[in-house]
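Q: One structure coming up, written as structure tokens, with questions to follow.
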Amino acid sequence: MKRKRILVFDDQMTGHHLEYIHHLHEEASDNIDIDFIFAVPEKFQDVKKQFVWKKSDNIQYHFLSDENINISGNLIIQSYRKSKVVKKIALQHSIDEVFFITLISFLPAITLILPKNMKISGIIYLIYLYRWKNSSLALKIIDSLKYLLLGKRHNFKTIYILNDKSAPVYLNKKFHTSKFTYLPDPYQPIDESNLQNIRGKLEISDESTVYLHFGGLSARKGTLKILDALGALSKDELKGKSFIFAGKVYDDIRDEFYQKYRNLQDKVQILCFDEFCEYSFLGSLCLSSNFILLPYSNTSQSSGVIGYASQFQIPVVVAKQGLLGKLVKRYKLGVLLEDASSFSIKNFLINGHNYRQEISVNYYKERTKMLFNSIIFEQFNV
């Protein structure tokens with residue numbers, strides 16, 4: 001009997017991507033009746049040291065070149081070119097099923113490019129239902145067409161909706177299907193035994209209120225809006241406050257970020273670690289901070305950062321809208337701003353430092369990698 005061969009495809013290695021690949025790799029090594037090919041960027045070789053990787057005869061890696069990843073054109077052309085890359089790899093390895101760590105960017109072309117008998121599954125992060133009200137007509141049409149394809153095309157096997165239990169119920173009812181499935185955003189708790197408060201090492205006063213902003217630093221994540229909020233405050237208003245930025249500064253904001261950052265250094269204590277941060281370092285930063293700033297422009301998807309808030313019981317500061325606001329409110333994870341503007345951030349920095357609320361640990365305890373893997377591999381074995 002022919003062994004099933006599954007391609008796990010991911011053309012990014014930032015943020016949660018490495019974690020997800022590791023979770024799936026671990027589970028794949030125990031599912032020895034299926035062959036797995038992980039297609040990942042060559043950068044994987046540099047960052048994989050963050051985890052221990054079990055060797056298994058049923059797992060192999062296919063490394064994507066920069067040419068395979070840096071694909072230009074509008075969204076339709078990109079989806080076509082990216083889908084062609086996937087098809088070439090899938091045919092090379094005689095793949096039966098493709099699983100995308102990030103599915104949406106391959107639409108609409110992927111369903112037309114891959115052979116009809118090749119099943120497609122993947123994760124959806126940005127849930128259009130939360131942005132529908134404020135979307136343009138063009139965006140509504142695009143979203144509707146993408147989800148119509150997902151709901152109606154037979155080669156889509158399972159569509160995993162990340163971190164939202166209600167959206168799959170609605171989508172299955174809307175498209176008369178059962179392929180939309182809830183998938184928890186897995187949080188791997190950091191071992192706290194070797195963590196320490198590093199305020200002294202960073203020359204931050206014990207009396208200072210520390211605001212942490214970490215992950216990939218980009219416009220989408222509100223990085224520049226935080227700097228703009230600081231710029232709008234006086235030196236007196238910033239007294240007793242310290243700010244830490246930790247994570248790679250994306251190219252789209254690099255020049256502007258450092259210009260604003262340098263302009264603030266004489267005004268407030270502000271530190272930046274422009275690097276891929278190890279989990280132990282992020283854990284120590286959380287132990288040393290009072291708030292995590294998370295003013296995402298896009299609240300229609302979740303964020304792995306709120307898992308840190310839950311484990312270390314440190315409040316996040318987010319806009320009240322969308323899925324992100326809903327999760328923070330439901331699980332009592334922090335402060336809800338009126339919106340994600342620099343004006344709202346500024347007002348919080350003036351008035352919110354006395355915020356007191358016990359942060360729930362239920363969020364991260366309900367989102368284990370074991371549950372994440374079991375939901376995905378249940379479908380792999382079908």
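Q: Could you tell me how many of the residues in the range 12-32 are over 14 Å from the mean Cα position of the chain (by Cα) and not in a loop (DSSP other than H, G, I, E, B)?
A: 7
Q: Going by what's in this entry, would Glu358 be described as of a type in the set (Asp, Glu), surrounded by fewer than 18 Cβ atoms within 10 Å (Cβ to Cβ), out of contact with any Gly (no Cβ under 9 Å at 6 or more places or on another chain) and in a helix (DSSP H, G or I)?
A: Here the answer is no, as Glu358 does not meet what is asked.
Q: Considering Leu336, Leu349, Leu371, which residue is crowded, with 21+ Cβ neighbours inside 10 Å and aliphatic (A, V, I, L, M)?
A: The conditions single out Leu349.
Q: For the range 219-316, which fully contained helices (runs of 4 or more DSSP H) count at least 2 residues that are surrounded by fewer than 15 Cβ atoms within 10 Å (Cβ to Cβ), assigned by TED's automatic domain parsing to the domain that holds Met13 and of a type in the set (S, T, N, Q)?
A: none
Q: A further question on this structure: Give me the pairs: first residue in the range 178-190 and closer than 14 Å to Ile127 by Cβ, second residue in a loop (DSSP other than H, G, I, E, B) and among the basic types (Lys, Arg), beta-carbon distance under 8 Å, and six or more apart or on different chains, which are they?
A: Tyr182/Lys165; Asp185/Arg367
Q: Could we say that Ser234 is of a type in the set (S, T, N, Q), in contact with a Gly (Cβ under 9 Å, 6 or more places away or on another chain) and farther than 24 Å from Ser302 by Cβ here? Steps first, please.
A: Numbers: of a type in the set (S, T, N, Q): yes; in contact with a Gly (Cβ under 9 Å, 6 or more places away or on another chain): no; farther than 24 Å from Ser302 by Cβ: yes.
Against the criterion (of a type in the set (S, T, N, Q), in contact with a Gly (Cβ under 9 Å, 6 or more places away or on another chain) and farther than 24 Å from Ser302 by Cβ), Ser234 does not qualify.
Q: Condition first: buried (at least 19 other Cβ atoms within 10 Å of the Cβ), at pLDDT below 95 and in the same structural domain as Tyr128 (by TED's automatic domain parsing). Can you find one or more residues in the range 63-70 that meet it?
A: Yes: the range 63-70 contains one or more residues that are buried (at least 19 other Cβ atoms within 10 Å of the Cβ), at pLDDT below 95 and in the same structural domain as Tyr128 (by TED's automatic domain parsing).
Q: Would you point out which residue out of Phe9, Phe38 is without any contact (Cβ under 8 Å) to a residue 60 or more places away in the chain and either under 20 Å from Thr102 (Cβ atoms) or over 18 Å from the mean Cα position of the chain (by Cα) (or both)? Walk me through it before giving the result.
A: Working: Phe9 fails: without any contact (Cβ under 8 Å) to a residue 60 or more places away in the chain.
Unique residue meeting the criteria: Phe38.
The values are calculated or read from the model by the stated rules, or taken from the named source; none is laboratory data. This structure is a prediction, so every number in the text was calculated from the model and none was measured. So basically every Cβ, Gly included, is an ideal-geometry build from the backbone, and we count neighbours across all protein chains shown.
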